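In what follows, a structure is listed as structure tokens, so that the remarks can point back to it.
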Amino acid sequence: MKIFVDQVKCQNHGLCAISSPDHFELDADGELRYQESFDEENIDEIEDAIDSCPLQAIALNRDSV
């Protein structure tokens, strides 16, 4: 699985970075940066970040290896 962020929808609110700081962060310019791949053991944290996004811009691509 991989994280997918729709950059058109994302408005860099940063709630995902609060929910999952190991995988999401806002850079010095306030732009979202994230790790596309993650360990399965972190799925709960990633799902919290997905749920926290007010614009529903984050999804999991479950077809990715």
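The values are calculated or read from the model by the stated rules, or taken from the named source; none is laboratory data. Everything numeric in this text was worked out from a predicted model, so none of it was measured. When we count neighbours, we look across all protein chains shown, and the Cβ atoms used for this are built from the backbone with ideal geometry, even at glycine. Surface areas here come from the heavy atoms of the whole protein model, side chains and all, with no ligands, DNA or RNA. Shrake-Rupley method; radii C 1.70, N 1.55, O 1.52, S 1.80 Å.
Of all residues in region 9-35, how many are of a type in the set (Asp, Glu) and open to solvent by 90 Å² or more (accessible area, probe 1.4 Å)?
Total meeting the criteria: 3.
Take region 9-18 and flag every residue that is in a loop (DSSP other than H, G, I, E, B) and touching a residue at least 24 places away in the same chain (Cβ under 8 Å).
Matches in region 9-18: Lys9, Cys10, Gln11, His13.
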